[in-house]
1. With (1) touching a helix residue (DSSP H, G or I) at 6+ places or on another chain (Cβ under 9 Å); (2) surrounded by 13 or more Cβ atoms within 10 Å (Cβ to Cβ) as the list, and HIS50 as the residue in question, which single condition is left unmet?
2. PHE40 - would you say it is out of contact with any Leu (no Cβ under 6 Å at 6 or more places or on another chain), among the aromatic types (Phe, Trp, Tyr), more than 22 Å from ALA8 (Cβ to Cβ) and open to solvent by less than 90 Å² (accessible area, probe 1.4 Å)?
3. Find all pairs meeting these conditions: Cβ atoms under 9 angstrom apart; at least six residues apart or on different chains; first residue within the stretch 32-54 and touching a residue at least 24 places away in the same chain (Cβ under 8 Å); second residue part of a strand (DSSP E or B) and of a type in the set (Lys, Arg).
4. What's the number of the condition GLY19 fails, among (1) in contact (Cβ under 8 Å) with a residue 12 or more places away in the chain; (2) open to solvent by less than 60 Å² (accessible area, probe 1.4 Å)?
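The values are calculated or read from the model by the stated rules, or taken from the named source; none is laboratory data. From a predicted model like this one, the values you see are computed outputs, not experimental measurements. Every residue, glycine among them, receives a Cβ derived from its backbone with ideal geometry; neighbour counts consider all protein chains shown. For accessibility, only protein heavy atoms count, side chains too; no ligands or nucleic acids. Shrake-Rupley method; radii C 1.70, N 1.55, O 1.52, S 1.80 Å.
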Amino acid sequence: MTTLTLSAEFKKRVTNTFGEIGRNWLKNIPNQLLEIKERFNIKIGTTFSHQSFNFTTNATKSDGTPIVVKLCLPHEDVNNEIYALEFMLGDGI
C-alpha cells in the first residue's frame, strides 16, 4: 500500500463537523485500510482526489476485479449510505 495522504481540506471538513470523533477516525484510516486489505485479500490502490466526508480509494480484488473501498464516519446516516449503495447495485464488502 502506498503512503496515505489526506488533503488539509478533507481533514478540516471532517474535524470541523465531527470534532474529536472525526480526528480519531482520520487517524485510524490507515489501520482500517490495513485490516480491510488483509481481511478481504485486496490490493489498495490510489485514493480518489476529492474526499467529502467519507474516504474512498480504488482497490483490486485478488481475482483482478477493480473495486472501490469506502470508509464512512460512524454516524446515524451510515445505514442510509449502505442502503443507497445496495440500491445502486454496489457489492459492498
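1. Condition (2) is where HIS50 drops out.
2. In short, yes.
3. If the second residue must be part of a strand (DSSP E or B) and of a type in the set (Lys, Arg), the pairs left are LYS37/LYS43; ASN54/LYS70.
4. Going through the list (1) in contact (Cβ under 8 Å) with a residue 12 or more places away in the chain; (2) open to solvent by less than 60 Å² (accessible area, probe 1.4 Å), GLY19 breaks only (1).
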